[in-house]
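Before any comments, here is the structure.
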Amino acid sequence: MTALRAGFVLQLRFYRRYPDLLVPLLTAPVYGGIFAMILSHNGRPDLAGAASLAPFYMSLWWFALFSGGWIIQTDRWEGTLEYVVGAPAGLAAVVCGRVSAIAIPGVAAFAETWLFARYVLHSDVTIRHWDIFLASFALTLFATVATALLMATTFVLARNAVTFSNSASYPFYVLGGILVPVALLPSWLQPLSKGVFLSWSADLLRACISAAPVPNAGFRLGMIALLGTAALVAGAAVLRRILVQVRRTGELVLR
């Protein structure tokens with residue numbers, strides 16, 4: 001727990017030292033306004049409220065992809081990974097702590113997005129099902145952290161990690177049903193979205209700001225938890241493989 005906490009605090013210090021890591025917090029309100037206006041002026045005011053909250057998920061995915069996903073690879077490039085591995089604390093605990101820190105800007109992203117939508121755009125974003133919202137929000141943060149861990153470990157092994165990370169933002173925004181519900185996507189694309197936790201979370205958020213009862217809430221919450229757990233297990237497995245590989249080859253850092 002000491003190593004986990006130390007990794008968490010270290011990443012928070014990175015955010016303070018390198019504020020460019022928090023760029024989505026500046027762009028989220030702008031995107032919210034753009035999306036709400038597009039839908040309002042195209043005859044779908046019913047989606048404008050939910051669309052104004054879409055930048056929250058965009059920010060969350062950005063933090064997972066770039067802020068959390070490049071943690072190990074950046075340490076490797078900087079030549080500090082060998083010191084972390086050689087320290088008494090376990091690498092897994094340190095990495096998990098640092099990745100977990102993305103939950104802090106994630107919470108901030110939701111707060112500013114909701115406040116901007118409510119008081120600037122005057123969108124109907126009143127949360128009417130608080131119990132389901134709090135459960136889905138907590139599980140979404142868990143799934144995001146787990147996915148960031150998986151990407152952080154996978155990027156070390158993948159030769160085309162830079163290409164993937166640069167191109168994995170907008171496709172997942174679509175698959176996650178962030179801007180519009182998955183039901184409005186092409187039929188051939190909808191099954192793919194079921195494997196993206198963002199799609200379940202975004203649907204639940206839209207349901208939580210609706211006055212109608214939330215159908216299948218337990219199942220949908222379970223899917224977020226399941227996808228997050230799968231990413232966590234996969235990330236831990238890949239991290240173990242990395243440690244075995246670099247200890248065998250002696251290539252902790254890039255020369």
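Values quoted throughout were computed directly from the atomic coordinates according to the rules given, and no laboratory measurement underlies them. The shown structure was predicted, so the numbers you read here are calculated from the model rather than taken from an experiment. Cβ: placed from backbone, ideal geometry, glycine included. Neighbour counts: every protein chain shown.
Rounded to 0.05, the FRET efficiency of the L185 and R16 pair, given R0 = 41 Å and the Cβ-Cβ distance, is 0.55. Computed packing ranks the peptides 165-174, 202-211, 228-237 as 202-211, 228-237, 165-174, most packed first, by mean other Cβ atoms within 10 Å.
Full extension of the chain segment joining A230 with N42 gains 63.8 nm, where the gain is 0.36 nm per residue of separation less the Cα-Cα distance.
Mean separation of Cα pairs under 8 Å and 6 or more residues apart, divided by the residue count, gives the range 2-249 a relative contact order of 25 percent.
Rounded to the nearest 0.05, the FRET efficiency derived from the C-beta distance between T80 and L26 at R0 = 25 Å is 0.30.
The modelled label-to-label distance between H122 and N216, using points 7 Å beyond Cα along the C-beta direction, is 3.7 nm. To the nearest ten degrees, helix 103-119 and the longest principal axis of the Cα atoms of the chain are 20 degrees apart. Seen through its C-alpha gyration tensor, with square-root eigenvalues sorted a ≥ b ≥ c, the chain comes out prolate because a/c lies at 1.5 or above while a/b is bigger than b/c.
Charging the Cβ of each Asp and Glu at -1 and of each Lys and Arg at +1, and nothing else, the dipole of the chain about its Cα centre rounds to 560 debye. With the charge dipole of the range 1-101 set up from +1 on Lys and Arg Cβ and -1 on Asp and Glu Cβ about the Cα centre, the Cα lying farthest toward the positive end among the listed residues A36, Y15, W77 is that of Y15.
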